[in-house]
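Input: a single structure, listed below in structure tokens.
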Protein chains: 2
Amino acid sequence: MVSNTAVTSGDFSLNDLPGAGRMDVVCRCVNSGLLLSHGIRKNTRMLLLLLGPPTPPKLIRIDGDSVKYLGPDERNIGGLLKKALGQEISSECVRSSPGISVSKKTFEEVMKDVYETHSQVLYLHESGNDVRKMNFFKDVCFILGDQMGLTEEQERIVEKYTHGKMCVSPLSLHGDHCITIVHNELDRREVLC
Amino acid sequence: MVSNTAVTSGDFSLNDLPGAGRMDVVCRCVNSGLLLSHGIRKNTRMLLLLLGPPTPPKLIRIDGDSVKYLGPDERNIGGLLKKALGQEISSECVRSSPGISVSKKTFEEVMKDVYETHSQVLYLHESGNDVRKMNFFKDVCFILGDQMGLTEEQERIVEKYTHGKMCVSPLSLHGDHCITIVHNELDRREVLC
């Protein structure tokens, strides 16, 4: 998930996640990406590329198979992201809490990396093919923009490093709702099970 | 949506929605029930039956066609619910903000009422029929429990006032994710459009 607005330092207030460059949007995507009713999607990894001020880029990686202390509410998730963003990135990748690490990677570096390490990379976009008609590979990766979508330049990079676009609804939905619908389709086909 | 734990007075802290009897769960259901990416589902109404302490029952009604000031983040929605729960219920039904009103109705009164005013009432439950195989009427109503589900007594009442059970996923999901999946199915069929 890419956010062009979410702040990239840890000094934001958990009482105003929308004011932190719409960190609330990021938190909800983490919720729908990783949480089941009574547990965590161990087969899922989330990469959050945050590009807002003051020190972009920051890439937060959350591994479903090892993350701990992850609750469903925005404030809880915001707290984990705040901790990650508060780390000094002295090496390639710094662990901020179990299953969560943070690094500095540009948009293109991340895209290139996921393209090279997954056999299928799909961009969630309203003009894409219907999720219900797609064939999925077991290590599929989905690219999702924030509330404003990706910039034209980012879309040009995405085009280079994806295998196509996919849409989930005839209506324009919030990102976290899109993630829920994608998971539902994969769950039904047991793609990741 | 029925919550057996969510508090029924307005004196809870927006900094601790989970501590208010899991008001965060209710907030997320409102989000997925009513919000589109750039707007509100005007064809949708939410009834939130809150049964936690100190003064249950409280029924909050949110009308998609007239609600205002509804943002997607939990804290914003929590603020609107807090205002509704802070009203003194002097008459049958008190308006707390545009499109939001609150009243005192028991579980059975609400169930009886929705049963009498809708041609189809479905209970979201893991043992139900698949949402993708259901036929829907235009004025369908869905019953959803909270993070703990309904009590046995409530389920007996539900059985009396519903036309069947419906499930959305092979996995056990959070309530708000279930709502998103139901909406997606209805959107695809344009049931409410």
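The values are calculated or read from the model by the stated rules, or taken from the named source; none is laboratory data. Just so it is clear, the model here is predicted, and its values are computed rather than measured. Using ideal geometry, Cβ is built from the backbone for each residue, glycine included, and neighbour counts are taken over all protein chains shown.
Some points to look at:
- Cβ pairs under 9 Å, 6+ apart, first in region B:25-54 and more than 16 Å from A:ARG28 (Cα to Cα) and touching a residue at least 60 places away in the same chain (Cβ under 8 Å), second outside any loop (DSSP other than H, G, I, E, B) and of a type in the set (Gly, Ala, Ser): B:ARG41/B:GLY33; B:THR44/B:GLY33; B:LEU49/B:SER3
- Meets criteria (at pLDDT below 95 and not aromatic (Phe, Trp, Tyr)) for B:LYS138: yes
- Of all the listed residues (B:SER96, B:SER119, B:SER91), the sole one being loosely packed, with under 15 Cβ neighbours inside 10 Å and either without any contact (Cβ under 8 Å) to a residue 12 or more places away in the chain or in contact with a helix residue (DSSP H, G or I) (Cβ under 6 Å, 6 or more places away or on another chain) (or both) is B:SER91.
- Restricted to region A:35-77, and to residues there that are in a loop (DSSP other than H, G, I, E, B) and touching a Phe, Trp or Tyr at 6+ places or on another chain (Cβ under 8 Å), the residue that is surrounded by the fewest Cβ atoms within 10 Å (Cβ to Cβ) is A:PRO57.
- For region A:2-34, the set of residues classified as surrounded by 23 or more Cβ atoms within 10 Å (Cβ to Cβ), within 12 Å of chain B (Cβ to nearest Cβ), in contact with a helix residue (DSSP H, G or I) (Cβ under 7 Å, 6 or more places away or on another chain) and among the hydrophobic types (A, V, I, L, M, F, W, C) consists of A:LEU17, A:MET23, A:VAL25, A:VAL26, A:CYS27, A:CYS29, listed by residue number.
- The strands (runs of 3 or more DSSP E) located wholly in region A:83-163 that include 2 or more residues which are more than 15 Å from the chain's Cα centre (by Cα) and within 24 Å of A:THR180 (Cα to Cα) occupy A:120-130.
- Among the residues here, A:GLY64 qualifies as in contact (Cβ under 8 Å) with a residue 12 or more places away in the chain and within 14 Å of chain B (Cβ to nearest Cβ).
- Screening B:ILE179 on (1) assigned to a helix (DSSP H, G or I); (2) under 19 Å from A:THR180 (Cβ atoms); (3) out of contact with any Gly (no Cβ under 7 Å at 6 or more places or on another chain) shows it passes everything except condition (3).
- Residue within region A:131-147 that is more than 14 Å from chain B (Cβ to nearest Cβ), free of Cβ contacts under 8 Å to residues at least 12 places away in the same chain and surrounded by fewer than 21 Cβ atoms within 10 Å (Cβ to Cβ) present: yes
- Within region B:162-185, if we keep just the residues that are surrounded by fewer than 19 Cβ atoms within 10 Å (Cβ to Cβ) and closer than 20 Å to B:THR117 by Cα, the residue that is farthest from the other protein chains (Cβ to nearest Cβ) turns out to be B:HIS163.
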